[in-house]
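Please read the structure below before turning to the comments.
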Number of protein chains: 2
Amino acid sequence: MSDKSTRAHIVEAADQLFYQQGFEHTSFAHIAEVVKISRGNFYYHFKTKDEILDAVIYLRLSKTQIMLDKWLIEGGTPVERIRCFINILILNREKIKHFGCPVGTLTSELAKLKHAAQKDATKLFSLFRFWLKSQFQLLGHMKNADELAMHLLARSQGVATMACAFNDEKFIKQEVTQLYEWLDHYVDSAT
Amino acid sequence: MSDKSTRAHIVEAADQLFYQQGFEHTSFAHIAEVVKISRGNFYYHFKTKDEILDAVIYLRLSKTQIMLDKWLIEGGTPVERIRCFINILILNREKIKHFGCPVGTLTSELAKLKHAAQKDATKLFSLFRFWLKSQFQLLGHMKNADELAMHLLARSQGVATMACAFNDEKFIKQEVTQLYEWLDHYVDSAT
DNA sequence: AGCACTTTAGGACAAACGTCCTATTTTGTC
DNA sequence: GACAAAATAGGACGTTTGTCCTAAAGTGCT
């Protein structure tokens, strides 16, 4: 009836492989090996590799949006919500240690390839950016909400990059503690 | 007499291309095109692509060491020296906007490729790390000098990643200003 | 000028890549 | 059970990749 299952498997496998090996280094053959379908069968689901990339980005965008929506409920206050964001570093520290941040590394790779999909990959950042911005606005930081959002995003990216370079999970925890303190400081100055 | 000239040209061209296009995406053919030598001639200077990568990393290590040594003289005080480091973001903002940080992006790429040279690439970070650490120690921060050095490195990496993602030079200047203020804070607390 | 050594050009080579075609199998519907 | 559509398998294709070989050109020394 439907190819949803196979197609979804392909996209999810590609998602993981693009993260762990990079987009360009991941081949059709490698994805096929994971999904356990023949290489030739790809053409039925995706005409080009770029189409898979688009699907992967779309998948990540969807998953991210769902996560952000969930945080709006789970985190009672804006501060608690922003803490949810910071906490990704802790939750994913094992993978980050090995492969960095999935968003940051993909964006960087596509930038170097001058790939058309880089714009879409950046939308992943934008999703976090505007979500964080609105949370900082709720904290009373109307003028510099975007600045704070970008700052927090940058801090997270830096932590991921360094933790990956030095294979250092402890550094992640160290910096997360500082980020919590930084956040608390911006709460006090708002009230 | 010597192949220094040609060899140096190859390494320098590879250095630029690895930065702007990534290591894996850069082919022998592309380097040859830039250096204007035949593809086959590579084998005389470098047996494998990995040897070129090693040479590029060694070149970057050398250049970095020279730069750090220079800063020790130019920057009179430890604070002025650390400012030299922060100022790279401003000096290289145009390239960072397009390709990110050469150290961070290379390290990330090699990590995903599980490439043996990743360890050497990380040495580039170590060079900065220990140099910054000693400067913070001179500022009186004996216990957390390394922590501060890593923090500053991470901040810089984050700025580069986000500036590249959003093609935003203004964000670099914004964050550099904050980094200067952050640094000043750590000067005051030392005296 | 002659000779040994260095450097280069050009191409061969197998392997891997993304892409694409076609025959076959599976699936849902009547 | 018959039949159209969806899904898959297997392989062909032209390129490009890193690697490697060999003949030729350049270079320095006697």
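The values are calculated or read from the model by the stated rules, or taken from the named source; none is laboratory data. Given the structure is predicted, the values throughout are model-derived calculations rather than measurements. So basically every Cβ, Gly included, is an ideal-geometry build from the backbone, and we count neighbours across all protein chains shown. What goes into the accessible areas is simple: the full protein's heavy atoms, side chains included, and nothing from ligands, DNA or RNA. Shrake-Rupley method; radii C 1.70, N 1.55, O 1.52, S 1.80 Å.
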Which numbered condition trips up A:Lys47, out of (1) part of a helix (DSSP H, G or I); (2) over 29 Å from A:His185 (Cα atoms); (3) of a type outside the set (Ser, Thr, Tyr)?
-> (1)
Of the conditions (1) within 16 Å of DNA strand D (Cβ to nearest atom); (2) within 14 Å of another protein chain (Cβ to nearest Cβ); (3) exposed (fewer than 15 other Cβ atoms within 10 Å of the Cβ), A:Lys119 fails just one. Which one is it?
-> (1)
Of the residues that make up region B:22-30, is at least one more than 14 Å from every other protein chain (Cβ to nearest Cβ), buried (at least 20 other Cβ atoms within 10 Å of the Cβ) and within 16 Å of DNA strand C (Cβ to nearest atom)?
-> no
Counting only residues that are facing chain B (nearest Cβ under 7 Å) and surrounded by 24 or more Cβ atoms within 10 Å (Cβ to Cβ), region A:157-170 contains a total of 7
Which residues, taken from region A:72-103, are among the aliphatic types (A, V, I, L, M) and open to solvent by less than 50 Å² (accessible area, probe 1.4 Å)?
-> A:Val79, A:Ile82, A:Ile86, A:Ile88, A:Leu89, A:Ile90, A:Ile96, A:Val103
Which of the residues belonging to region B:50-66 are open to solvent by 20 Å² or more (accessible area, probe 1.4 Å), of a type outside the set (Asp, Glu) and either modelled with pLDDT under 95 or closer than 17 Å to B:Thr107 by Cβ (or both)?
-> B:Tyr58, B:Leu59, B:Arg60, B:Leu61, B:Lys63
B:Asp69 vs. criteria touching a residue at least 40 places away in the same chain (Cβ under 8 Å) and open to solvent by 40 Å² or more (accessible area, probe 1.4 Å) = no
Subset of region A:9-28, residues within 16 Å of DNA strand D (Cβ to nearest atom) and either in a loop (DSSP other than H, G, I, E, B) or out of contact with any helix residue (DSSP H, G or I) (no Cβ under 6 Å at 6 or more places or on another chain) (or both), comes to A:Glu12, A:Gly22, A:Phe23, A:Glu24, A:His25, A:Thr26, A:Ser27
Within region B:31-45, the residues that are aromatic (Phe, Trp, Tyr) and either open to solvent by 70 Å² or more (accessible area, probe 1.4 Å) or in the same structural domain as B:Gln118 (by TED's automatic domain parsing) (or both) are B:Tyr43, B:Tyr44
With respect to the numbered conditions (1) buried (at least 22 other Cβ atoms within 10 Å of the Cβ); (2) closer than 21 Å to A:Ser156 by Cβ, which one is the sole condition not fulfilled by B:Glu147?
-> (1)
Residues located in region A:77-109, provided they are free of Cβ contacts under 8 Å to residues at least 60 places away in the same chain and over 22 Å from A:Thr177 (Cβ atoms) | A:Val103, A:Thr107, A:Ser108
Answer residue from region B:35-79, given it is among the small types (Gly, Ala, Ser) and within 16 Å of DNA strand D (Cβ to nearest atom) and is farthest from B:Lys119 (Cα to Cα) among those | B:Ser38
